[in-house]
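Below is one structure, written out as structure tokens, with a few remarks after it.
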Amino acid sequence: MSKKIVAWIDQRFPLSAFVKHELTDYPTPRNLSYWWGFGFLAGFVLVIQLVTGVFLAMHYKADSNLAFDSIQHIMREVNYGWLIRYLHSTGASAFFIVIYTHMARTLYYGSYRRPRELLWWTGQLLLLLMMATAFMGYLLPWGQMSYWGATVITNLFSATPGFGEDIVVWLRGGFAVDDPTLTRFFSMHYLFPFIISAAVLIHLVALHTVRSSNPSGLNLADKDNIPFHPYYTIKDLFGLGIFLLGYFAIVFFKPDLFIDPANNVPANPMQTPADIVPEWYFLPFYAILRSVPDLAGGVVAMLVSVLIFAAMPYLDRSRITGGARYRPIYRTLFYVFVIDIFVLGYVGAHPPASLMKLTGQIATSIYFLTFLLLPFVSRWEEGRLLQSGKLPADVVDMARKEIEASHA
Amino acid sequence: MLKTVYWISTLCLTLIAGTAHASADLPSIQRGAHIAAEVCNGCHSLKYIKYKDLLSIGLTRDEVNTLRGEKSLGDPLKAQMAANDALALFNVVPPDLSLMAEAREGGPHYIVELLTGFAPGADGQTTNRVFPGIKMPDIFGIAQADPAARKEIEQKAIDVAAFLEWAADPQAEARKRMGRGVLIYVAILTALFYLLKKKIWRRLK
């Protein structure tokens, strides 16, 4: 029976061919570590956010007089409303943890390199879309931090030369964050996830064109590729189980971990909170913003700090594959960068008192220096490593081929 | 990898054990409910709590009837003092208390510290250690209390904070109960995935 149905469909739509091509026959390097499982996890969290978000929207009221109460209505009166809301609020943080790890893996193993530039750039686009979605979603509970966070961030656009103030008014739908801001953010917060879903499809098409990179950095022989299904479906499911243990531990036992106490106070335009702190996933960028004394300069620095990842395929000029694996200096830079991000995150969470401010400025300089030094350091390290004779022969071969190709 | 699994499951089990131990102290919450409805409600509202909700923490029907007076069971715990009167009297409308236990750094602990933080100041006026210049009077009169009365007041503060902690998150107990089941289920499922993964990947050797 089911065979008949599939045959019926196959005459009209390439269902079996698709499953075969993308899953049961799709060749995947057999040496992928668990770090390669985070893309799948990101897709899974996206689905959690979409589903819980749709259910939340059934009960949420996007009206500045009702929004705060409607969240409490969801928490107290809607059947399992608390569960849906905590899955969603924790899901947002989980999404960033997963995506940042996914990016860190790409940076460590050099997966952004030729021919995966478009894959990396669609990823960069996804990051931007996610940040916008998260930022707008954070306004919806209409708490103090929602309100003042949105006020501070929309105000950044006033740094635009010429018509900055106009842009701010246009974004907010008025001179201050108010009901029109809330309704438009809600509308966009509902729209963006579908744009993200479309961008994910593009990301996957790019992935299936260039295929997964792998920890060795080498192009594997056919025998070293295995079908995605069942090998990676089961490996990803096991990874998902581990992820869910942590995720559910927070949802059920510490759901307020990512909720600022001030956001349990309804928005009050007359009263600015003692310090306005964005969500944790924006903290490093927020620290960069505040490290530049001038507003316009800060905004530019912040924008560049997010967008500069897109330049990685060009900043990293080494032709030795495998990312940090065979390149000790690149590896050191990677770890310095990761530690630096944590320092920036810490600075972003605290009021910019003198020592904190100085730390932020140093960390900001290190952030940009790692990117700026990379073109020189990577090329210099390449030469040194190729001469050293310590690299595996196939790595050297591949690097030599790439060097020849770049001369041709 | 097995190590990661081990650590994460240990972490979860510790969490489960920790919260199982710290399950709410019902008598304290009940005493706190009386204080909140009889004292705090004079000035503060608890608008997300209805009288009938108090039945779910074990107050009897009679107790709730006494607390609600003329109001119906489905009514929220509104402040007895009108907002305008409060504004005239204190220069500020006393904030709603239903979410207070989650709306300040420190949570219920902060509420205890605040209520017991009143002390005689230098100029003969009462001040508060935690919130200098607070416009709320020293409700329990702790600034003037002798040591024995102090003890009693401290217990009252703990009780009312326990009640407010429940009020801010009435689903907490149900949530943790469900969470225990969910974590155990996912832990078993993950173990099965692991075994299945081993089995499938063995084909490659």
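The values are calculated or read from the model by the stated rules, or taken from the named source; none is laboratory data. Note that the structure is a prediction, hence the values are computed from the model and not measured. Note that each Cβ is placed from the backbone with ideal geometry, even for glycine, and that neighbours are counted across all protein chains shown. The protein model used for the area step is the full one, side chains on, heavy atoms only, and it has no ligands, DNA or RNA in it. Shrake-Rupley method; radii C 1.70, N 1.55, O 1.52, S 1.80 Å.
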| query | Which of the following residues is closer than 30 Å to A:Gly173 by Cα, outside any helix (DSSP H, G or I) and either more than 14 Å from chain B (Cβ to nearest Cβ) or open to solvent by 40 Å² or more (accessible area, probe 1.4 Å) (or both): A:Ala92, A:Ala62, A:Ala57? | reply | A:Ala62
| field | In region B:51-93, the residues that are under 22 Å from A:Ile71 (Cβ atoms), open to solvent by less than 50 Å² (accessible area, probe 1.4 Å) and assigned to a loop (DSSP other than H, G, I, E, B) | value | B:Gly74, B:Ala79
| task | Can you confirm whether region A:275-285 contains a residue that is on the phi < 0 side of the Ramachandran plot and within 14 Å of chain B (Cβ to nearest Cβ)? | result | yes
| Residue that is nearest to the chain's Cα centre (by Cα) [pool: residues in region B:192-205 that are surrounded by fewer than 17 Cβ atoms within 10 Å (Cβ to Cβ) and either polar (S, T, N, Q) or within 8 Å of chain A (Cβ to nearest Cβ) (or both)] | B:Leu196
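Matching residues to (1) touching a residue at least 60 places away in the same chain (Cβ under 8 Å); (2) among the hydrophobic types (A, V, I, L, M, F, W, C):
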site	(1), (2)
B:Pro95	no, no
B:Met100	yes, yes
B:Gly106	no, no
B:Val112	no, yes
B:Asp123	no, no
B:Thr127	no, no
| note | Those residues of region A:228-252 which are aromatic (Phe, Trp, Tyr) and open to solvent by 30 Å² or more (accessible area, probe 1.4 Å) amount to A:Phe228, A:Phe243, A:Phe248
| said: I'd like to know if region A:15-26 contains one or more residues that are open to solvent by less than 70 Å² (accessible area, probe 1.4 Å), β-branched (Val, Ile, Thr) and either free of Cβ contacts under 8 Å to residues at least 60 places away in the same chain or in contact with a Ser or Thr (Cβ under 7 Å, 6 or more places away or on another chain) (or both). | reply: yes
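Every residue, every condition in (1) in contact with a Gly (Cβ under 7 Å, 6 or more places away or on another chain); (2) closer than 13 Å to A:Glu382 by Cβ, yes or no:
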{"position": "A:Arg317", "(1), (2)": "no, yes"}
{"position": "A:Gly322", "(1), (2)": "yes, yes"}
{"position": "A:Pro328", "(1), (2)": "no, yes"}
{"position": "A:Asp340", "(1), (2)": "no, no"}
| query | Which one of A:Ala132, A:Ala159 is open to solvent by 30 Å² or more (accessible area, probe 1.4 Å) and out of contact with any strand residue (DSSP E or B) (no Cβ under 9 Å at 6 or more places or on another chain)? | reply | A:Ala132
| Does A:Phe68 satisfy the condition of being buried (at least 19 other Cβ atoms within 10 Å of the Cβ), of a type outside the set (Val, Ile, Thr), touching a strand residue (DSSP E or B) at 6+ places or on another chain (Cβ under 7 Å) and in a helix (DSSP H, G or I)? | yes
| task | Scan region A:367-408 for residues that are closer than 30 Å to A:Ala274 by Cβ and open to solvent by 60 Å² or more (accessible area, probe 1.4 Å) and report the count. | result | 0
| Pair list, Cβ under 6 Å, 6 or more apart: region A:355-370 residue touching a residue at least 60 places away in the same chain (Cβ under 8 Å) and assigned by TED's automatic domain parsing to the domain that holds A:Ala287, other residue assigned to a helix (DSSP H, G or I) and among the β-branched types (Val, Ile, Thr) | A:Gly360/A:Val347; A:Ala363/A:Val343; A:Thr364/A:Ile288
| query | How many of the residues making up region B:156-176 are open to solvent by 30 Å² or more (accessible area, probe 1.4 Å) and free of Cβ contacts under 8 Å to residues at least 60 places away in the same chain? | reply | 2
| message | Checking the condition in contact with a helix residue (DSSP H, G or I) (Cβ under 7 Å, 6 or more places away or on another chain), part of a loop (DSSP other than H, G, I, E, B), outside the structural domain of A:Ser93 (by TED's automatic domain parsing) and open to solvent by less than 40 Å² (accessible area, probe 1.4 Å), which residue from A:Pro215, A:Pro273, A:Pro255 passes? | response | A:Pro273
| query | Assuming B:Arg180 fulfils every condition listed in (1) open to solvent by less than 50 Å² (accessible area, probe 1.4 Å); (2) facing chain A (nearest Cβ under 9 Å); (3) under 29 Å from A:Val78 (Cα atoms) apart from one, which condition is it? | reply | (1)
